[in-house]
Each structure stands twice: as C-alpha cells, then as structure tokens.
Amino acid sequence: MKNANPVSLRFGAAGALLVAALVAGCGSDKPAAGASTPKTVFEHFTVNVAGHPSSLQIAVTQMEQERGLMQRPDLGPDEGMLFVYPEPQAMSIWMRNTPEPLDLAYLTPDGVVVEMYGLLPLDERPVNSHSDTMQFALELPRGWFASHGVKAGDRIDLKAVAGALKARGFDPAKFHLPAESP
C-alpha cells in the first residue's frame, strides 16, 4: 500500500476545518440579539403620497435603480417604487422591459412633487427631469396620481421614507433625511 500524498492530506485537513467552521456558523437563522436583518428592495413600505397610502419598494443602490420595475406585470393598484438618491440631481427614467404603464413624479429633497409624467409600457425614450434639484423619483400605476388627486406641490411622507431606508440598512442621514425614531 502506498503512503498518502502529504499535500493531499494537508488539503483534506484544511477542507475539513473549513467545512466545520461553516457548519458551526450556520447554527441559527436568527440575527444576534439586538441585530436585525436589513430588508431588501423586494419589501414594500407604506409611504403616504399627498396623504394617500401607497405600498412602495425602495430602490437605493445603482443596481436596484437600473432594474426598477422591469418585467413586473403584476403591480397592485397602490404598489410602486421610490428611487432614492443621496444628493439632488437631474434625473432620467425610461421604461425598458417595463410592461405596465406608470405615473412618474420627480420630487425635491424636501419631498415635494415638482414634475409629473405618464409613462408608456416598453418605451425606451428617456423622460428627463427639467431640474437638477430632484432627489426622488416615484413610480406608481398609470392613473394613480389622477385618481388620488396628486398634483405638483404635494408631498410624500419623508419620515416613512427615512424609516424604510433604516429598515433597508441605510443611514437616512446620508440622504439628508432625519433618522426615524425607534
């Protein structure tokens, strides 16, 4: 019988240690006491828009914002997405791979609706903001704004947005929003 290759034995031992460490770390799906698992972009948060509740996903990262509501043929009547940026800027939205018509509003850092547009399904033409002072973009099903009487000058609930950001694991202060109290 041949002796085992010492290199193979070392790799085997290292592999066994790695597996043991991984198994030990998988003892519980629950976060440590006092810690919580951040919510994802797929979670919905209630945010009032001009006093009317809506169920919004909060898109914060570049990847989430690029994906937006693409390939979502199943939006509920009060469901949509809020795009949150850390600083005011000019914005541009398009409807690539988005099969449902949407309402779009661009909002200032203080949550005021300034510009509103109707978006057509699958339309790849960009809808640019006229101002470079926008910090939020809000998308809801087409006709939502009209049916709820939303107009320029109305506001979204920034406390709810701050709470959603915190639940997502983001610091609201980095978006110039007050931290939501616990």
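Could you tell me whether LEU122 is surrounded by fewer than 16 Cβ atoms within 10 Å (Cβ to Cβ) and either touching a residue at least 12 places away in the same chain (Cβ under 8 Å) or within 19 Å of GLU66 (Cβ to Cβ) (or both)?
Considered against the rule, which asks whether it is surrounded by fewer than 16 Cβ atoms within 10 Å (Cβ to Cβ) and either touching a residue at least 12 places away in the same chain (Cβ under 8 Å) or within 19 Å of GLU66 (Cβ to Cβ) (or both), LEU122 comes out as yes.
Quick test for you: out of ARG155, ARG72, pick the one residue that is surrounded by 15 or more Cβ atoms within 10 Å (Cβ to Cβ), modelled with pLDDT under 95 and out of contact with any helix residue (DSSP H, G or I) (no Cβ under 8 Å at 6 or more places or on another chain). Break it down into steps so the answer makes sense when it comes.
Working: ARG155 fails: modelled with pLDDT under 95.
After ruling out the rest, the residue left standing is ARG72.
Restricting to region 158-176, what's the tally of residues that are under 19 Å from VAL41 (Cβ atoms), surrounded by fewer than 18 Cβ atoms within 10 Å (Cβ to Cβ) and not basic (Lys, Arg)?
Adding up the residues that qualify gives 3.
Can you find even one residue in region 95-107 that is of a type in the set (S, T, N, Q), under 20 Å from VAL41 (Cα atoms), more than 17 Å from the chain's Cα centre (by Cα) and modelled with pLDDT of 95 or more?
Restricting attention to region 95-107, the residues satisfying the condition of being of a type in the set (S, T, N, Q) are 97-98.
Next, only the ones that are under 20 Å from VAL41 (Cα atoms) stay: 97-98.
From what's left, more than 17 Å from the chain's Cα centre (by Cα): 97.
Narrowing the set further to residues that are modelled with pLDDT of 95 or more leaves 97.
Yes.
Please determine whether any residue of region 167-175 is within 15 Å of ALA59 (Cβ to Cβ), part of a helix (DSSP H, G or I) and among the small types (Gly, Ala, Ser).
Yes, region 167-175 contains at least one residue that is within 15 Å of ALA59 (Cβ to Cβ), part of a helix (DSSP H, G or I) and among the small types (Gly, Ala, Ser).
Could you list all residues from region 51-69 that are surrounded by fewer than 18 Cβ atoms within 10 Å (Cβ to Cβ) and in contact with a strand residue (DSSP E or B) (Cβ under 7 Å, 6 or more places away or on another chain)? Lay out the reasoning, then the answer.
Going through region 51-69, the residues surrounded by fewer than 18 Cβ atoms within 10 Å (Cβ to Cβ) turn out to be 51-53, 55, 61-63, 65-67.
Once the filter is applied, which keeps residues that are surrounded by fewer than 18 Cβ atoms within 10 Å (Cβ to Cβ) and in contact with a strand residue (DSSP E or B) (Cβ under 7 Å, 6 or more places away or on another chain), region 51-69 yields PRO53, SER55, GLN65.
Whether any residue in region 83-96 is closer than 23 Å to LYS151 by Cα and touching a Gly at 6+ places or on another chain (Cβ under 7 Å) is what I want to check.
Within region 83-96, not a single residue is closer than 23 Å to LYS151 by Cα and touching a Gly at 6+ places or on another chain (Cβ under 7 Å).
The values are calculated or read from the model by the stated rules, or taken from the named source; none is laboratory data. Keep in mind it's a predicted model, so treat the numbers as computed, not measured. Ideal geometry is used to build each Cβ from the backbone, glycine not excepted, and the neighbour counts take in all protein chains shown.
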